[in-house]
Every structure is written in structure tokens, then in C-alpha cells.
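Down below is the structure, laid out as C-alpha cells.
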Amino acid sequence: MDKMWSGRFSEASSSLLDDFNASIMYDRRLYKEDIEGSLAHAAMLQAQGILNSDELKAIQEGMAQVLQEIESGEFEWKISDEDLHMAIEKRLTSIIGDVGGKLHTARSRNDQVAVDFRRYVLRKDREIAQLLKSLLEVIVAIAEEHTSTLLPGMTHLQHAQPINFGFHMLAYASMFKRDIERFEDSRRRNNISPLGCAALAGTPHNINREMTAETLGFDSVSVNCLDTVSDRDFALEILFNISTMMMHISRLSEEIIMWSSYEFGFVELSDAYSTGSSIMPQKKNPDVPELLRGKTGRVNGNLIALLTVMKGLPLAYNKDTQEDKEGVFDSIDTAEISLEILREALKTMTVKTENMEKACQKGHLTATDLADYLVEKCGVPFRETHFISGKAVARSEALGIDISEMSFEELKKIDGRINEDVMPYLVLRNSMNARQSQGATATVRTKEQVEFFKEYIKGLNI
Ligand code: ARG
């Protein structure tokens, strides 16, 4: 009968219930947030005349010892203590005596867990954005090196038009930039203090919520206590942001996996970030991008799990909400290691520019350029040029060559309006460099985009 809430009970709880009900084995990772929250609360209680300064001092000293015990690994985490909030308060009280019991004045575990978990998530919003920034730096550096490395641009995974590899990497830079913005936006929106909402209805004690909000680094105080103690939108947002980010990582991983196959041969992962096979000695497997692609599944699962937990909850706090933490911790851990390993794998990856450029010679990548030529130089309507260019493709296929290798004589036979000035239009690099519209692939345009992202990174203040 050593439970804090056992006053109205006459029988001890079953050990089965203790196991089922406890969150202590995973919520203990919130110990720093919990202790900081308690210290801010105690200081406010003293400032408001609810605690005297000796009591505050005792709580502060006791908490310092609790913190030291946790960080040194001495602290005993027991399932029977249910969660970290009760474990810490219990230990505090055993160190400083009855004064420890005064700490919970004007507070409930409902606002306490809301404070701890929210602050943890806000911290992770920032740390993940910082990791994204370092990934972005690597991607932009790769892009800068390859603004004129030809690469077959694809749609439907079929050769479409020549682009450059830098341009391709900057598509991912664009995705990760949006991800940074999402984490930062969530951090700003959710930076609101729940402390002082107590169980659900606020408290009759004369507290100062502004003071604790400020001490804990929140921007403001929440408006409605009933919403605040049951709101887990901040957790859902980080889960969604991680899922979206992992979807981007997974798309890039899929490309790296394809690119490192013999069929593509566009990149080679370094030995440090590749694995071997237990049976086939020649194998070098892209386990890193494969796992990144695979881990996207589990973070999506975590998002759906919490959405489902929350969907049926009446106001205000319900114990269902305790199910919010493990999935969030798992997604955060997954996001952090994924960002780091992707960054390192990219940093050490070899780009096989020759193979990329060779691949452009297949698939008639400049067929659109022939059509564009007929529009521009001969005034032929695009629909008709499309047909003529299609015939040129068919003829190239029959000759067993790429359209970029067609002779002028052959082209002239297809349409008499074609002149010798067509030849530069079929050159792969010219095709890439001809696309100079805003945001396009031409080397000059890609270089501008590199500058844009470099400026963006420089201006980031995360
Ligand atoms: N361990 C609980 C959780 O994670 C803390 C809040 C408990 N509140 C309560 N009224 N039982 O949600």
C-alpha cells in the first residue's frame, strides 16, 4: 500500500495491474524535464507565498540529489512507482521528509506530464531541425560539385530529358528545407506552457503561470486548462513531421539503392556504410538506404497509432494518453539516427559521373529538343512536331542508335523543313543547358539554386 494515491483503497494493487499501468520504464527519459518543471513550480510557489524559503531550499537541494542519483545510475526505478513523476517525488520526500509533499500543491500529474512531454518534444523539434540542416549542407555541397554532370532525368522511371546531377540533388534539398520549416513551425506553435492547469480545471491557489512559463522557456501560457491537459497535437505534429521527412529520406534511399546496382552504376557507397553477404563474397549491399526505406514504415505506424489513440477521447485527461510516449520516442530515435547515417553515407559516397553521362546516350533524351527546334526555327505547331520527332525516334531505333547520334541526312529525310542548324539541338549537354526557365536544370540555373540554398542555410537560426 505504498502508492501515492492509495488513500481510498483498502487492498493493495495486483502486480499484474502494476505492470500494465506503469509507464516508468520508458517515461524515465523525461527526468530532466520533470525535475526542471518541479523546480520552476517550487520557485513560483515560494514567490507567491505558498512555500517559505526554507521549504524551497529543501526542495532544491533534495532535487539536486535526485538528479545526481539519476545521472549516476544509482536511482532505483521501480515498476510499482508507476511513472517517473511519482518515483521522483517519492525519492525527494524520502530525502527531505514531509516538505517534499508540498511540491505537488497546485499541480497534478496531468499538467506535469503535459509540461514534461511537451518540452521534450519541443527540444527534439529543434534538434531534428539542426540535424536536417547538417544533412542539407552535405546535399548542397554534392550539388555544387555536379552542376554540369549529366544525368538522365526520368518520369515513370523512364529516360525523359537530360538534367544535371546537382539539379537532381537540389530536389531533395527542397524537400529537406520544407521539413526544417515544418519542425520549426511546430516548435513555434506549440511553445505554450501547460503548467498550472492542474488536473483539468485550474487551481484555487494563487499561482503565477507566467512566471513558470518564463522559467521553462515557453513563449506563453495556454489559454484553456481543459484543452491543455489533454492536448497531444504537439506529439502528433512531430510524428507527422518525422513521417514526412522519412518519406523524403526513403525516396532518396530508393534512388541510392537503384543507383548502386550494376544496372545503373551511378554511385558507390563507401565500405564504411555498406555491408557484405554471408554467402556471396562479391556482394556489397546497400543496407543503409534499405533500412532507411524500411524504417519509414515504423514511423508511419507510430503516427497512425497516436491518431487512433486520440480520436475517441472525451475531455480531459484519460489514461489512454499514456500510450503517446513510446511511439514518439521511437520515431524521434529513428529520425535522429537516420539523419546522421544518411548524412555520413552521402558524404562518403562516390559519384560515377562517367556512367551517369553514358546513360544519357540511351533513351532519346533529346527527342523533345527536336520538337522544340521545329517550333522555334520552322514555326511548326508543337503537336505536329511531336509527331515528327516521334518518327525520328522510330528511325533511330531502327538504326540501333540514339536520336542524339542521328546524322543530318537521316533527319532531313524525315522532314524536309529540318536544316543543318538542328544539330546542336540534339547534343545532350545543350539540351540540359537550353532549359533556362526559372527553376530549370541549365547549369547556370542550377548554380543559382545552389546559391539560394547556401544563403538559406546561412540564414538558419535553429
Ligand atoms: N504516466 C501518466 C501519463 O503518462 C501521467 C499522468 C497520469 N495522470 C493520471 N491522472 N493518472 O500519462
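The values are calculated or read from the model by the stated rules, or taken from the named source; none is laboratory data. What you see is a predicted model, and the numbers here were worked out from it, not measured in a lab. Neighbour counts run over all protein chains shown; Cβ positions are idealised from the backbone, glycine included. SASA here: full protein model, heavy atoms, side chains in, ligands and nucleic acids out. Shrake-Rupley method; radii C 1.70, N 1.55, O 1.52, S 1.80 Å.
Looking only at helices (runs of 4 or more DSSP H) that lie completely in segment 5-76, which have at least 2 residues being away from the ligand (no atom under 14 Å from the Cβ) and more than 34 Å from the chain's Cα centre (by Cα)?
Qualifying helices (runs of 4 or more DSSP H): 15-21, 31-47, 53-72.
Pull out all pairs, ordered by first then second residue, where Cβ-Cβ is under 8 Å, the residues are six or more apart or on different chains, the first lies in segment 207-223 and is under 21 Å from THR105 (Cα atoms), and the second is open to solvent by less than 30 Å² (accessible area, probe 1.4 Å) and modelled with pLDDT under 95.
Correct list of pairs: empty, since none qualify.
Within segment 431-460, track down each residue that is part of a helix (DSSP H, G or I), open to solvent by less than 70 Å² (accessible area, probe 1.4 Å) and charged (D, E, K, R).
ARG445
Select from segment 86-104 the residues that are free of Cβ contacts under 8 Å to residues at least 60 places away in the same chain, within 16 Å of the ligand (Cβ to nearest atom), open to solvent by less than 10 Å² (accessible area, probe 1.4 Å) and not β-branched (Val, Ile, Thr) and list them in ascending order.
Selection gives nothing.
Based on what the data block shows, is GLY202 open to solvent by less than 10 Å² (accessible area, probe 1.4 Å), of a type in the set (Gly, Ala, Ser) and not in a helix (DSSP H, G or I)?
no
Would you mind finding the one in SER148, SER134 that is assigned to a helix (DSSP H, G or I), touching a residue at least 24 places away in the same chain (Cβ under 8 Å) and either under 30 Å from ASN318 (Cα atoms) or open to solvent by 10 Å² or more (accessible area, probe 1.4 Å) (or both)?
SER134
For the list (1) over 24 Å from the mean Cα position of the chain (by Cα); (2) in a helix (DSSP H, G or I); (3) of a type outside the set (Asp, Glu), I need the number of the one condition that TYR120 fails.
Here TYR120 meets the rest and fails (1).
Given the residues SER277, SER260, SER253, which is the only one that is open to solvent by less than 30 Å² (accessible area, probe 1.4 Å) and hydroxyl-bearing (Ser, Thr, Tyr)?
After applying the criteria, what remains is SER253.
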